[in-house]
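All remarks here apply to the structure that follows.
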Amino acid sequence: MTDFAQRLLEWFDDHGRKDLPWQQEVTAYRVWVSEIMLQQTQVQTVIPYFNRFIERFPNVATLAAANQDDVLSYWSGLGYYARARNLHKAAQQISVAYDGKFPRLFEDVMALPGIGRSTAGAVLSLATGQRHAILDGNVKRVLARYEAIAGWPGKTPVATDLWLAAERHTPEARVAEYTQAIMDLGATLCTRSKPACSRCPVSEGCEALRTDSVGDYPGRKQRTAKPLRTTTMIMASANGQVCLERRPEAGIWGGLWSLPELGEDSIDDWCDKELGSAVTELLSWDILRHSFSHYDLDILPIVVRIEPHAGKVADAGVRTWYRLDDAPPGGLAAPVIKLIDQLKKSENVANN
């Protein structure tokens, strides 16, 4: 065992996190769900989502048997919705190929949708104690600083060096504790900004600290200005209902229900063609900006009051009328939730 691993485990025994929901009644399924949710999302944000998700889908069988709308509804607001779709697909594969039991072979886990090398290693390490190195964002930061591995981790040579360091320091014993410990260290002390080096259990051997260059690691990707995109969302409202459309599987908010986006047609033409109704009132709201990792999206919401409709929909699987006082038909993207909540307030409809 390296000195790094030994010091980290000693610190974990006294200071590591041991009361997180997925650390109770540990199963591969619970750990897997938590690891997927924790990708690019902080622990405190994940906890309530995890608890609700596990209550609704307590095991692989219930998740596999659910429809995608139900799964996405429990993911609404958590973002990066491909994670939920892949989780659902993987549960269905496990149900068929492994009789509902999470696989224990690393290669089998890696073959599941939405699971890469680090996630597979984390699940098997934390749930079964198997020895596998991991390299999530927190671990990259810890190891880059400790060994002064320069460069942006998104570059293959840098990632290769980090994986070698991760393999070298992962011990043969107490692997689950070590895996949790190195993630905890990055999340609580070796943070991106204002790291608490004075309290770090491995500060003595940290090359970045020794050379007073902690802020230089890990290297950052060259920043470019985010492009700005715009769209107009139609909030077609009638009879206490609003029109929703299901997003395509590919692209942003894949599989979620959203407000229709206006293309080349005028609003009058769109309502006539798509809804078979005439516009009685238009109201433009302030632009809502939603930021993605690679671009910003400015949404112009337009409330469109239309003549009472006869329930026309182009395809019940693609478009639906959602009653504002009812539960949504499935998952909704975060900005759509905001806009619908605003519509409810304007029409004095209580939130469910």
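Please treat every number below as a calculation from the coordinates, not as lab data. Quick caveat: nothing in here was measured; it's all calculated off a predicted structure. Virtual Cβ from ideal backbone geometry, glycine too; neighbours counted across all protein chains shown.
Here the average projected area of the convex hull drawn through the C-alpha atoms of the chain stands at 20.1 nm². The label-point distance for Ser193 and Glu107, in a model that sets each label 7 Å from Cα toward Cβ, rounds to 4.6 nm. In this structure the amide hydrogen of Ser258, modeled in the peptide plane, comes within under 5 Å of the amide hydrogens of Glu245, Arg246, Arg247, none closer than 5 places in sequence on its chain.
Relative to the longest principal axis of the Cα atoms of the chain, the long axis of helix 156-169 makes an angle of roughly 50 degrees.
Listed by chain and number, the lysines whose alpha-carbon sits under 29 Å from that of Lys338, ignoring those within fewer than 8 places in the same chain, are Lys89, Lys226, Lys273, Lys312.
In this Cβ point-charge picture (+1 for Lys and Arg, -1 for Asp and Glu), the range 172-269 has a dipole of about 520 debye about its Cα centre.
If one computes P(r) from the Cα atoms of the range 228-346, what percent of pairs lie at distances over 24 Å?
Across the range 228-346, Cα pairs with separations above 24 Å total 21 percent.
Comparing Pro248, Pro201, Thr188 along the charge dipole axis of the range 186-296, the residue lying farthest to the positive side is Pro201, per the Cβ-charge model. Ranking Val71, Leu164, Pro329 by how far each Cα lies toward the positive end of the dipole of the chain (charges on Cβ) leaves Leu164 at the top.
A simple count of charges around Gly114, restricted to other residues whose Cβ falls under 11 Å of its Cβ and scoring Lys, Arg +1 and Asp, Glu -1, yields +2.
Quick one: length gained pulling Gln40 to Ala159 fully straight, 0.36 nm per residue minus the C-alpha distance?
In short, 41.1 nm is gained.
For the range 163-197, trypsin sites (Lys or Arg not before Pro) are listed when DSSP marks them as loop and at most 13 other Cβ atoms sit within 10 Å of their Cβ; the list is Arg192.
Taking the Cα centre of the chain as origin and assigning +1 to Lys and Arg Cβ atoms and -1 to Asp and Glu Cβ atoms, the resulting dipole is close to 700 debye.
Among the trypsin sites (Lys or Arg not before Pro) found in the range 196-271, those both in a DSSP coil and sparsely packed, with 15 or fewer other Cβ atoms within 10 Å of their Cβ, are Arg220, Lys221, Arg223.
Principal-axis analysis of the Cα atoms of the chain puts helix 137-146 at an angle of about 30° to the longest axis.
Backbone amide hydrogens, once placed in the peptide plane, bring Thr232 within less than 5 Å of Leu262, Leu300, excluding anything fewer than 5 places away on its chain. Of all DSSP-defined beta bridges confined to the chain, some 65% are antiparallel rather than parallel. A simple charge model with +1 on the Cβ of Lys and Arg, -1 on the Cβ of Asp and Glu and nothing else charged puts the dipole of the range 228-346 at about 400 debye relative to its Cα centre.
With unit charges on the beta carbon (Lys/Arg positive, Asp/Glu negative), name the residue among Leu143, Val109, Ala127 whose Cα is farthest towards the positive pole of the charge dipole of the chain. The residue sitting most towards the positive pole is Leu143.
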